[in-house]
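Peer 1: Sharing a structure below in structure tokens format, with a few things to ask.
The values are calculated or read from the model by the stated rules, or taken from the named source; none is laboratory data. Keep in mind that what you see is a predicted model, and the values were worked out from it rather than measured. In this analysis, Cβ positions are derived from the backbone assuming ideal geometry, glycine residues included, and neighbour counts consider all displayed protein chains.
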Ligand code: ANZ
């Protein structure tokens, strides 16, 4: 017979699907329930790689599954096509970033089409199209109107290789840029920010809604990133300065133990305090600041690093003890956390203690951590006088000597009115006192910083603002959007700390919208994370030139039911998309507050234990597809294990997948019975196995156990083959039934093979329209057991029941048995003993 030829199938079916468009989702009259299934869109920096291959195969199972279950599925695709790689390639190779980007999109698109994910190509979009980025500009203006977009001068993360600022999120834990690998330094610049910190509480609290549908790991990462701390702000009077210094502390209970104060060297406060001090301090300070700025934030927070710092020879007054305490500056205090200053409590904070020991500052214990706070302490032994024998290994309460700060709970000491209280009660009491005296208040602080969105680069969305000659900022009027990027010709794209757009004279010089006078465009472009913060809404009507998205369509389709993508986006992208969604909610544009109801993070495809990438080499997706075919690769991706696990390419067998597909395909050629076969006949065991598969597969898919579904398909294929070869042959109705179930199941993973099988079984394309087959409950009954029904110990009947029958059901059966009813007669039932599934005994009396 004919051979299984995947290349031929690929060539045959792709144009037919193009014609049929079975994955369109836009019909407004479609009455089916809806599902929105989305993969994180791709950055077109080259052809698709193995990671795309995995993510797209997984998301496509979900999309195809819900379609089979009778849903109208939206599964769009697009390109996250602005960003540095295009610009860097342009600089390195002299190509136009536009040509480079759109060339890559064409390449990826061809590969993706061949990969046959069930996407609605009519919804394709690219963020670098003016039709798209116009709406980024609209969004920017809306945020600006609400006071959520603002400019400020501040220390920013500066990538000295790419010559651009980076968001905190783009600085890796080792202090290097996630883009260029350069060691990130600090630079003072005026930049645009989005006020995400206004949303910190909601971004944190709403994570609870995602519990169970987002990976726990991602929820934790988001929570830590937002990093809410609860405590108090305390005001300290400064000698020789009118304004007080406010510090944030999580431990206001330790206020009586404050022995000095520390301000961040790179804070304005430090500069001011130093300036008002001696010339010697001023000189030392300048030197220390320069030193401190060489360190990354990560280094500064490293608890094991030797503490450094200098005294500012200025003094503060402790608001409760009225003691005069020295003010120091040290780089372990960060300028942009809390208020950039700390009240140092060396007895109870390890950083403060390390610092105090190094510079010989006093240590005052204010919490007796040996004093029990609750009754839940070990029972002490008593001596002959009835006195408790204290263990002699109680920890020392002298951190100044031991070097170990006392972190635990205990009873307050040396703390005036707080003495004897537990930590939590002391916190409550002291906050009341501070508030009453007007020198402090309950407060929260977050790790989250405002989102720095401006970039001094070319290939991004121009910021739609104009700088008037009078220094005023004027928004570009909405009817003048989009502000389209100028041509690159004649522009020097080489990074230099200022946007290359500033040199596009014709573009940058504009009339002031207020009076037509000479003005300048803002030359910065937006962080590409702005582009991806709302793209899921643009997919709903990507061609709409009148609005960013249609609120009525958003009402229908959004939020996204299932989002699929890599864990590398666990913080940045997801946080920004959540933020923008809440902003749109507050403006009344959407009625939901979370963009992605469920999230699946696929694992990575590894080669030799490390992530495959263009630079590190490894297996190329196009090559393995050429060798084994699309279906075998897709099947291999889902069969390798649970989706969230990494795949070691050495451990999987695309050749094995191809062999299985050929086996399944061969079944469809061996089925000789007709479509209008008498379904209720044929090999009984095979029918049971088929219906067990139809019953179990949906639950398995919905819990992402795709690999188990594939294993079950393999078993069913083997069983069907056995019946053909040794039993009734291909004419058996059960063989057709099984093969059809296999085809429909396989269409989730191997679309070309399944489509061809469907045709060979005598159906019109496409198998995507086939729908899932319902299992026949009669074929799901397991082998039965005989239960004995007794009355007063005498057997009165027997029934066949499921081995899984509940005691309650068995008792009901017994009580409804005619023989049992007759035997009970008019006697009273006093006791029923049920031992499911074997026996029921009913005891009676007269
Ligand atoms: C006094 C104190 C006593 C503190 C004590 C802790 C323990 P988290 O939990 O991370 O929010 N702090 C405040 N601002 C800081 C800054 N800009 N740079 C470095 N450290 C800063 O940490 C809050 C604690 O970190 C605050 O509470 C403060 O030290 C310090 F037994 O105040 B604590």
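Peer 1: Filter region 312-346 down to the residues that are part of a strand (DSSP E or B) and within 44 Å of the chain's Cα centre (by Cα), then identify the one that is farthest from residue 257 (Cα to Cα). Please lay out each step first, then the result.
Peer 2: Keep residues of region 312-346 that are part of a strand (DSSP E or B), which gives 312-317, 324-329, 341-344.
Okay, now just the ones that are also within 44 Å of the chain's Cα centre (by Cα), so 327-329, 341-344.
Values: 327: 15, 328: 17, 329: 19, 341: 16, 342: 13, 343: 9, 344: 8 Å.
The selected residue is 329.
Peer 1: What's the number of the condition residue 197 fails, among (1) under 22 Å from residue 530 (Cα atoms); (2) in contact with a helix residue (DSSP H, G or I) (Cβ under 7 Å, 6 or more places away or on another chain)?
Peer 2: Among (1) under 22 Å from residue 530 (Cα atoms); (2) in contact with a helix residue (DSSP H, G or I) (Cβ under 7 Å, 6 or more places away or on another chain), residue 197 violates only (2).
Peer 1: Pick out the one residue from 641, 622 that is touching a helix residue (DSSP H, G or I) at 6+ places or on another chain (Cβ under 8 Å), surrounded by fewer than 21 Cβ atoms within 10 Å (Cβ to Cβ), touching a residue at least 40 places away in the same chain (Cβ under 8 Å) and on the phi > 0 side of the Ramachandran plot.
Peer 2: Testing whether each residue is touching a helix residue (DSSP H, G or I) at 6+ places or on another chain (Cβ under 8 Å), surrounded by fewer than 21 Cβ atoms within 10 Å (Cβ to Cβ), touching a residue at least 40 places away in the same chain (Cβ under 8 Å) and on the phi > 0 side of the Ramachandran plot leaves just 641.
Peer 1: Now, a different point. Restricting to region 415-444, name every residue that is within 12 Å of residue 320 (Cα to Cα) and part of a loop (DSSP other than H, G, I, E, B).
Peer 2: Listed by number, the residues that qualify are 415, 438, 439.
Peer 1: Within region 399-420, can you find the residues that are more than 12 Å from the ligand (Cβ to nearest atom) and surrounded by fewer than 14 Cβ atoms within 10 Å (Cβ to Cβ)?
Peer 2: 401, 402, 403, 404, 416, 417, 420
Peer 1: Give me the residue from region 771-785 that is in contact (Cβ under 8 Å) with a residue 24 or more places away in the chain and surrounded by 11 or more Cβ atoms within 10 Å (Cβ to Cβ) and, out of that set, farthest from residue 844 (Cα to Cα). If you could, list the steps in order and put the result at the bottom.
Peer 2: The first filter runs over region 771-785 and keeps only residues in contact (Cβ under 8 Å) with a residue 24 or more places away in the chain, leaving 771-776, 779-780, 785.
Adding the requirement that they be surrounded by 11 or more Cβ atoms within 10 Å (Cβ to Cβ) leaves 771-773, 775-776, 779-780, 785.
Numbers: 771: 55, 772: 51, 773: 49, 775: 43, 776: 41, 779: 39, 780: 37, 785: 26 Å.
My answer is 771.
Peer 1: Still on this model: What pairs can you find where one residue is in region 325-344 and on the phi > 0 side of the Ramachandran plot and at pLDDT 95 or above, the other is within 7 Å of the ligand (Cβ to nearest atom) and not in a strand (DSSP E or B), and their Cβ atoms are less than 9 Å apart, with a gap of 6+ or different chains?
Peer 2: Correct list of pairs: 340/264; 340/333; 340/334.
Peer 1: Yes or no: residue 269 within 16 Å of the ligand (Cβ to nearest atom) and under 40 Å from the mean Cα position of the chain (by Cα)?
Peer 2: yes
Peer 1: Read through the list (1) within 11 Å of the ligand (Cβ to nearest atom); (2) within 22 Å of residue 439 (Cα to Cα), then give the number of the only condition that residue 319 fails.
Peer 2: Going through the list (1) within 11 Å of the ligand (Cβ to nearest atom); (2) within 22 Å of residue 439 (Cα to Cα), residue 319 breaks only (1).
Peer 1: Additional query: Of the conditions (1) under 28 Å from residue 552 (Cα atoms); (2) assigned to a helix (DSSP H, G or I); (3) under 22 Å from the mean Cα position of the chain (by Cα), residue 65 fails just one. Which one is it?
Peer 2: Evaluating residue 65 over (1) under 28 Å from residue 552 (Cα atoms); (2) assigned to a helix (DSSP H, G or I); (3) under 22 Å from the mean Cα position of the chain (by Cα) leaves (3) as the failure.
Peer 1: If you scan region 27-52, which residues turn out to be at pLDDT 95 or above, over 19 Å from residue 126 (Cβ atoms) and under 20 Å from the mean Cα position of the chain (by Cα)?
Peer 2: 35, 36, 37
Peer 1: Quick one: residue 354 ticks every box in (1) without any contact (Cβ under 8 Å) to a residue 24 or more places away in the chain; (2) out of contact with any helix residue (DSSP H, G or I) (no Cβ under 9 Å at 6 or more places or on another chain); (3) within 15 Å of the ligand (Cβ to nearest atom) bar one, so which box is it?
Peer 2: Only one criterion in (1) without any contact (Cβ under 8 Å) to a residue 24 or more places away in the chain; (2) out of contact with any helix residue (DSSP H, G or I) (no Cβ under 9 Å at 6 or more places or on another chain); (3) within 15 Å of the ligand (Cβ to nearest atom) is unmet by residue 354, namely (1).
One line per residue, one yes/no per condition, for (1) crowded, with 19+ Cβ neighbours inside 10 Å; (2) at pLDDT 95 or above; (3) assigned to a loop (DSSP other than H, G, I, E, B):
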position	(1), (2), (3)
152	no, no, no
157	yes, no, no
201	no, yes, no
204	no, yes, no
224	no, yes, no
233	yes, yes, no
240	no, no, yes
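Peer 1: May I pose another question? Return the residues of region 787-807 that are touching a strand residue (DSSP E or B) at 6+ places or on another chain (Cβ under 8 Å), without any contact (Cβ under 8 Å) to a residue 40 or more places away in the chain and farther than 30 Å from residue 679 by Cβ; say none if nothing qualifies.
Peer 2: Correct list: 795, 796, 797, 798, 807.
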